[in-house]
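Everything on this sheet refers to the single structure shown next.
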Amino acid sequence: MTDETNSLDASPQVLRGIGPSSAQKLERCGIKTIRDLLLHIPYRYQNRTQCSPLNCLLAGNEHLVNAEIIKCEYSYGRRRSLLVTLSDGYGYLLMRLFHYHASQKKSLKPGVWLQLFGEIRSGSNGFETVHPEYRLFDSHPPDPTPELRPIYRTTSGLTSARIGDWIRSAIPYAEKLPNHTFRGLSLKDALLALHQPKIESGQETYARINQALQRIVFEEILAHFLVKRTQRKLLSQQRTISLGPSKQLGKKLLNKLGFKLTQAQKRVTKEVLEDLSKSTPTMRLIQGDVGSGKTVIAAFAAIRAAENDAQTVIMAPTEILAEQHYETFCSWLTPLGINVCLVKGDLNATARKERFEDLRSGKANVIVGTHAVFQKDAVFKHVGLTIIDEQHRFGVHQRMQLREKGKSPHQLVMTATPIPRTLTMALYADMDVSVIDQLPPGRIAIKTTIHSNTQRKALIQNIFRELKSKKTQVYWVCPAIQNGETQLRAAEDVYEELKSLDSGTSVDLLHGQMKSQEKASVMNAFKQGKTTVLVTTTVIEVGVDVPNATIIVIEDADRLGLAQLHQLRGRVGRGKEESTCVLLYQSPISDTARNRLEALRDSNDGFVIAEKDLLIRGPGDVLGTRQAGEQAFKIADLSRDRELIQPVIDMGNRLIREQPALADSIISAWKLSLEDYVSI
């Protein structure tokens, strides 16, 4: 075996039975190397340690049984099947086969014994099992060999059994894993305990499996934490331009804002400006609930950069949010002599050339844009600060491209998705974190109500009466644009429905597939009060600010995540009038979906909601990282394993101080790199 094929980083194709086609299927499971194959742990086990009498079966459970064939016949229902009646002297069980061949029918005859394993379900004629695994015997089968069979996550074209065979053939490679021990086990021993569990008495088998799982999860989270802390150390060794106070333009803005900063805004602004004055690049996450005032903090940072003849690039995830930031920054910064420009993907050739020349010459001090700001031909004179809004909506490589526009620029990332403190410490260990934990005074709590679609007609009538009597406006949010195969209510259909009511109320439509100018026109009409009802998709989830809009109706709210619902609800409640969020769902509704809706109804606190969301859905959805391809833990689930986070942090900090070689070994064991987990 060559060094290349003997490596943990070798392709699974070095194993017998894995060719190019199977390797492609494994890659769909996230398995690209032998290391990945070993770390593809079972998600459950089949208990085949003892047989169950047929009078002790439980519907919904998997059972191993010994039984004699009493009868075998065809069953003619909606689908023809082969129905085998089994008995063990204590009870009866039906085995149903929809797919079978002649030789099977011939072998399944009365008097033959079976040992089978399958899921039991209730049928019209008692318990039955469909297509179980089985073996034939001439007489009563021998006692089974005790077995706890691992079950692995699969993909189309692969079975759990096949993956299990390959993992067993890869076990010798586990000898190459580092030999450090946590929680009484080495990584190799923990993997063996999961892939090849030993049958022990009582609950000891499952206790051993749980110990092994906890040990591996602990190390995986630890490896990620160590990478982040290493990034932070490397960042502290870099040098960049110091953006110190110069022309006192920030004080001028403060005097002209027309509102007072909250104590939280003052504190976070001070933290940011102190960072910028250092020659070490800033890397700070600013968390603030919907409406907490993150934008004004970004404005003070951009002013500080402009005072030092450095450009600020602000990247937003949607054109609507970019345009709103552009308008806000223009109103605040243009009177101070700071030139703000907007860069979007749909600029015509002439405007694009002029805009990009402004970037290159330095005429543009603050550049607000979407993905267009990190295109290759977007060349800047001197980027001193980058600000990424809703940073989890951008992939790693996109953020890296933006950073490369400057020479180690200061970086601020902002999110209106409150992140539980434990997750913040683990996932953002490479950053300083500021939390705006205070809303501006005078904000009235948004009232949230939940309704079945059976009440929809009456709700529409009540809302339209309120629109006329109070001269207010409403967002009407639909998850889908057009009617497709799903049962979701489409924005285009709702638009036509509300428009046809002939109530004298103006209705308009907004969605992401419209051209930029059309979207801007529709949004401006709504801002100016020319449109009363804006039927839209979740494109308005972030950034849109229309104080006169006091109602938001969310169709199919049970199909959206809790964090997204909270963001959408934040589009109202921005004025002085009481606002309402109406959540509509289609019956029947799952317990999980109902829990989400009730959590939103019961709280307006984003951090409380984030904790609930973490428990209901897990961290990937809370942070949006599944879409961005980051923080992709192979085994750890930060919702399930949250109690390990603080011990991981304590251990990680101790290793960095006292055992840096061991820290490097742990990172190496998981094949993590700064390039893979760069926080830009």
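Quick look at the values:
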quantity: Asp275 assigned to a loop (DSSP other than H, G, I, E, B), acidic (Asp, Glu) and in contact (Cβ under 8 Å) with a residue 12 or more places away in the chain; calculated: no
quantity: Residue ID - surrounded by the fewest Cβ atoms within 10 Å (Cβ to Cβ), chosen from residues in the stretch 200-229 that are within 19 Å of Gln46 (Cβ to Cβ) and touching a helix residue (DSSP H, G or I) at 6+ places or on another chain (Cβ under 6 Å); calculated: Arg208
quantity: Residues (over 27 Å from Leu615 (Cα atoms) and either in a helix (DSSP H, G or I) or open to solvent by less than 50 Å² (accessible area, probe 1.4 Å) (or both)) located in the stretch 415-452; calculated: Pro440
quantity: Failed condition for Arg153, given (1) surrounded by 13 or more Cβ atoms within 10 Å (Cβ to Cβ); (2) part of a helix (DSSP H, G or I); calculated: (2)
quantity: Tally of residues being over 40 Å from the mean Cα position of the chain (by Cα) and not in a loop (DSSP other than H, G, I, E, B) across the stretch 128-146; calculated: 4
quantity: Ala378 assigned to a loop (DSSP other than H, G, I, E, B), open to solvent by less than 40 Å² (accessible area, probe 1.4 Å) and touching a residue at least 40 places away in the same chain (Cβ under 8 Å); calculated: no
quantity: Test for Pro335: is it farther than 25 Å from Met283 by Cα and either touching a residue at least 40 places away in the same chain (Cβ under 8 Å) or in a strand (DSSP E or B) (or both); calculated: yes
quantity: Test set (1) closer than 30 Å to Ile387 by Cα; (2) in contact with a helix residue (DSSP H, G or I) (Cβ under 8 Å, 6 or more places away or on another chain); (3) open to solvent by less than 40 Å² (accessible area, probe 1.4 Å) - Ala480 fails condition number; calculated: (1)
quantity: Flag if Asp36 is touching a Gly at 6+ places or on another chain (Cβ under 7 Å) and of a type in the set (D, E, K, R); calculated: yes
quantity: Flag for Ala193 being open to solvent by 50 Å² or more (accessible area, probe 1.4 Å), without any contact (Cβ under 8 Å) to a residue 60 or more places away in the chain and more than 19 Å from Lys671 (Cα to Cα); calculated: no
quantity: Scope the stretch 122-134; condition surrounded by 14 or more Cβ atoms within 10 Å (Cβ to Cβ) and either in contact (Cβ under 8 Å) with a residue 40 or more places away in the chain or in contact with an Asp or Glu (Cβ under 7 Å, 6 or more places away or on another chain) (or both); matching residues; calculated: Phe127, Thr129
quantity: The stretch 11-36, residues that are assigned to a loop (DSSP other than H, G, I, E, B), in contact (Cβ under 8 Å) with a residue 60 or more places away in the chain and surrounded by 14 or more Cβ atoms within 10 Å (Cβ to Cβ); calculated: Leu15, Ile18, Cys29, Thr33
quantity: Some residue of the stretch 108-123 being of a type in the set (Ser, Thr, Tyr) and more than 15 Å from His63 (Cα to Cα); calculated: no
quantity: Among residues of the stretch 37-82, those that are over 24 Å from His101 (Cβ atoms), in a strand (DSSP E or B), of a type outside the set (Phe, Trp, Tyr) and open to solvent by less than 60 Å² (accessible area, probe 1.4 Å), counted; calculated: 4
quantity: Positions within the stretch 521-530 being surrounded by 15 or more Cβ atoms within 10 Å (Cβ to Cβ) and small (Gly, Ala, Ser), in sequence order; calculated: Ala525
quantity: Lone qualifier among Gln115, Gln104 - being in contact (Cβ under 8 Å) with a residue 12 or more places away in the chain and farther than 14 Å from Leu82 by Cβ; calculated: Gln115
quantity: Meets criteria (surrounded by fewer than 20 Cβ atoms within 10 Å (Cβ to Cβ) and at pLDDT 85 or above) for Glu578; calculated: yes
quantity: Residues being without any contact (Cβ under 8 Å) to a residue 40 or more places away in the chain and either open to solvent by less than 50 Å² (accessible area, probe 1.4 Å) or not in a helix (DSSP H, G or I) (or both) - total across the stretch 645-666; calculated: 1
quantity: Residues that are surrounded by 18 or more Cβ atoms within 10 Å (Cβ to Cβ), modelled with pLDDT under 70 and not charged (D, E, K, R), drawn from the stretch 626-644; calculated: Ala628, Gln631
quantity: Selection status of Ile297, open to solvent by less than 20 Å² (accessible area, probe 1.4 Å), under 29 Å from Thr538 (Cβ atoms) and either modelled with pLDDT of 95 or more or not in a strand (DSSP E or B) (or both); calculated: yes
quantity: Leu285 vs. criteria surrounded by fewer than 24 Cβ atoms within 10 Å (Cβ to Cβ), free of Cβ contacts under 8 Å to residues at least 60 places away in the same chain and either within 27 Å of Gly570 (Cβ to Cβ) or not basic (Lys, Arg) (or both); calculated: no
quantity: Every residue from the stretch 542-566 that is more than 12 Å from Val477 (Cα to Cα) and open to solvent by less than 30 Å² (accessible area, probe 1.4 Å); calculated: Val542, Gly543, Val544, Val546, Ala549, Thr550, Asp558, Gly561, Leu562, Ala563, His566
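Each row is one residue, and each column tells you yes or no for (1) out of contact with any Leu (no Cβ under 8 Å at 6 or more places or on another chain); (2) over 26 Å from Leu342 (Cα atoms); (3) at pLDDT below 90.
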| residue | (1), (2), (3) |
| --- | --- |
| His511 | yes, no, yes |
| Leu534 | no, no, no |
| Val542 | no, no, yes |
| Glu555 | no, yes, no |
| Gln567 | yes, no, yes |
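The values are calculated or read from the model by the stated rules, or taken from the named source; none is laboratory data. The shown structure was predicted, so the numbers you read here are calculated from the model rather than taken from an experiment. Glycine gets a Cβ as well: all are built from the backbone with ideal geometry, and neighbour counts include every protein chain shown. Ligands, DNA and RNA are stripped out before the accessible areas are found, and what is left, the full protein with its side chains, is counted by its heavy atoms. Shrake-Rupley method; radii C 1.70, N 1.55, O 1.52, S 1.80 Å.
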